[in-house]
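Step one of this worksheet: look at the structure below.
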Amino acid sequence: MAKNQPDGRPRHMRRILPAPVLSKRPPSPPPQQPPPKARAPNVVAACEECRRHKCRCSGERPVCGRCLKRSIHCRYREIVTPETLKQTNDDLRDRGNANEEVLQLLKNLPDQEAHDVLARLRSGTSVSTIVNQVQAGDLLLQLAVAPETRFRYEFPYRSEMPAEFIVDNPYLNSTLYKAASLYSNHSASSTLPHHVAATSDHGGNLDKPGTAAAEHQSLYLKPFHAAHMVDPRLSDARPSLWTAVCDDDALMRDVLAVWFRCEYQFTSACQKDYFLEDMVAKRHDFCSSLLVNIVLAYACVCYPRFSNRAEYWNPHTLVYRFLAEAKRLWELEAAKPRLTTIQAGMFFNVFHNLCGLDEIGQAYRIHAIKLAHELGFYDGPITAPSERMRNGRIYTAWALYSWEALVGFSFMFLPLLEQPPYDPLPDPLKDAQWYGEIWLKYPASQVLTPAYFGYGFKAKCDFRLIMNKFCHAAYSTGSGGSVSLDEANKLRARLLKWYHGLPRPLLPETIVLPAHLQLHMYYHNLILSIYEPLLEVKRNQTPTPQAVVAEASRYMQTLIRLYYLRHGFESMDLFIVVPLVDAGFHCIDDINNKNQKPSPARLEVLRSTLILIAKGLHSQRSNHYLAEALFRVVRGRMRLQEAALLKTSLHFDEGEEERKAGMVQAVRSHWPVSVVKKKEDLDHHILGNLVEEYAHLNVEDGTTQPGSSGSLPGERQTGKA
């Protein structure tokens, strides 16, 4: 019903129309919009190359995508964060405070002490070091002389050099002993060798800081491990391009520098300069991924910042990972005769030796020799497409021949290489660059010091020629493992000619570096191996075999003591364990000699040497597992009295000993660890047998658990002196 308006008239309403019929067709979709463009990820910092060309950088490290595609050097600026700014500000504030304190010292100290402070500053000693020393109240001692000048290692049992070593001993008339000894009236300045003193102006004032001669005294006044190798090739190298294991080039360069400083000087299977040059240039003549990975595995056990470097079995260590990668590459590349594969084979052999696995490592050495024969290394003059390649092949041929002679001598078998390479080695005095010198920089030193690598390599190869001759005479079929007295005298005559013809840096009065000391140790070790089986031969000759053996043994123990006084035993040195364990077994045999019981004075000398040797093996076991096995063998052969002295002298860490005891690894070694006088006694000297004999040794309480006799087969250990 229609409603009315207020005036009574009817209201007209709008007609409501019916709803329209909906179409059954689906509605048309909205027009499609183009998908939004994916935004490039934000890059925290672009590399310098992309910045210079104003290109977008992917920000990948260590090499961005653009630089990798163009094979150009990619370098990033250091990212500055609030933390780094704060650290920099703190460092600058501390440096400013230290500078102010030194200035006050120079103003207020007496003239002599102020002069000492100034001399230390000019010699390169840091300001903070001087301030700390003054605050410690040790000014007169620490500032009057450089700390390294007065520093030496102290013998662990008896602090003095035994009197019986001092008489008629060329090694105790050396600059090394006079510099390291606190009991000598000579100063290092007055006894500086000619080849070092000649670097100063007219002899120079050796005590004056900054003179070349004073800087070269670092060789005699500072431990070798205090130095670091300096080589611009290594600074430019990028090992990450040659290995898939690690991309930290700075770390790998540091690891390689430590290896070149220490272990390389003894193994030296590859020519350093060629190896680094090709690593930088990405050439494959003297560098390969196989060689780089096995070298890095070897170098990791030398790096003191890796606390678990001796755990070659631990998959979490870089040692394990580099070795696994090297073995993978060896399987792929071993069949092809290449120079780098031969060199890798030698390093594989060395690495397995330091793990106590020489049974496994021998296969790599044998294959390397096979490849060398395929390349014609020992068939006549070596040929190559270039002079550089020819020099590298000659170097490697001599390195392999030298290593094979040492392996044959050490394991008492006939070396597979009898004749040396046809091409002679050049004179290092005329062509030191041919060998590749190793330059060292010592703390607070302004100059670089040579390691005389060429002299050492040439002398080592000449020495191994005589060693090879002995091996073929002693270990041929029917020889019985020894030579006749006439053959021994001929070999000794050749050795004496080599000894007296050594270049100036390698003479007894001038040697100082570990590699040079080792060369003399192995010289006396060879003499002992030649003459000890002949001690019962009766003949009227001078000197007698007994005199020759006594002199060589005395010199060997002197060299071990000098090595320790200057360099200690903590730094990695695989090849020091050979003379250590040989001298240790001699001491134990003399102590246990029932037919000729040592006098009380002589017993103390033997004990002091034995404790020092045990300390060396104990220190080296942080670097490689072979030293761990040898330490337990030497410890196991000791009487209870010497074992108790060892415990008090070395201060064993119980927790560390328990940890090491829980990680005992299998030792697969055929190495006879000491001189074998009779061939039928060989099994009693094999390392694998000795380790099995002492496997249950308890280092802490000085006893062996049931099932371990604690003595060599045929011997009985007593508790009486």
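Every number here is computed from the coordinates shown, using simple stated rules; none is lab data. Note that the structure is predicted; figures quoted are calculated from it, not measured. FYI the Cβ positions are ideal-geometry reconstructions off the backbone, even for glycines, and counts take in every protein chain you see.
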Mean Cβ count within 10 Å, highest first, over the residues of peptides 512-524, 444-456, 299-311: 512-524, 444-456, 299-311
Positive minus negative residues near residue 332 (Lys, Arg vs Asp, Glu; Cβ under 14 Å): +1
Placed amide H near residue 481: partners under 5 Å, 5+ positions off or other chain: none
Sorted peptide list for 335-341, 622-628, criterion being average Cβ within 10 angstrom, highest first: 622-628, 335-341
Span per principal axis, largest first, for the Cα atoms of the range 573-649 (Å): 37, 23, 18
Full-stretch length increase - residue 121, residue 56 - with 0.36 nm per residue and alpha-carbon distance subtracted: 18.6 nm
J(HN,Hα) series, the range 334-342, from Karplus relation 6.51 cos²θ - 1.76 cosθ + 1.60, nearest Hz, glycine and proline x: 5, 6, 8, x, 9, 4, 5, 6, 4
Formal net charge of residues neighbouring residue 305 (Cβ-Cβ distance under 14 Å; K, R +1; D, E -1): -1
Interchain or long-range residues, amide H under 5 Å from residue 439's placed H: 230
Cross-link pairs beyond the 26 Å C-alpha cut-off, checked among 497/594; 282/336; 178/272: 497/594; 178/272
Centre separation in Å (Cα based) which lies between the range 226-293 and the range 43-78: 25
Sites residue 71 and residue 476 - FRET efficiency at Förster radius 56 Å, r taken between beta-carbons, to 0.05: 0.50
Proxy reagent accessibility, fewest Cβ within 10 Å first, across 479, 159: 159, 479
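Report the FRET efficiency, 1/(1 + (r/R0)^6), for residue 485 and residue 359, where r is their Cβ-Cβ distance and R0 is 25 Å, rounded to 0.05.
Working: r = 34 Å, r/R0 = 1.37.
Calculated value: 0.15.
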Percent of C-alpha pairs per 5 Å bin, the range 334-401, short to long: 4, 19, 28, 22, 15, 8, 4, 2
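Sort 378-386, 290-298 by the packing proxy (mean of other Cβ within 10 Å over each peptide's residues), most packed first. If you can, show how the numbers build up before the last one.
On the way: 378-386: 12.3, 290-298: 27.6.
For the peptides 378-386, 290-298, the packing ranking is 290-298, 378-386.
What does the net charge come to around residue 425 if you take all other residues with beta carbon closer than 14 Å to its beta carbon, with K and R at +1 and D and E at -1? Don't skip to the end; give the middle numbers.
On the way: positive: 390, 393, 430, 458, 460, 464; negative: 423, 427, 431, 462.
That sum, taken over residues with Cβ under 14 Å, equals +2.
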Two-site label geometry, residue 308 and residue 282: point separation in nm, points 7 Å out along Cα→Cβ: 3.5
Residue-span extension gain [residue 45 to residue 551] - 0.36 nm each, minus C-alpha spacing: 175.4 nm
The range 509-565 - convex hull of the alpha-carbon atoms, volume per residue in Å³: 74
In order through the range 493-508: 3J(HN,Hα) via Karplus (6.51 cos²θ - 1.76 cosθ + 1.60), integer Hz, x for Gly, Pro: 4, 5, 5, 5, 5, 5, 4, 6, x, 5, x, 3, x, 10, 6, x
Euclidean distance of C-alpha centroids, the range 573-614 and the range 497-552, integer Å: 18
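Most exposed first by the Cβ proxy, i.e. fewest other Cβ within 10 Å, how do 511, 613, 130 rank?
Working: 511 25, 613 28, 130 21.
Ascending Cβ contact count within 10 Å gives the list 130, 511, 613.
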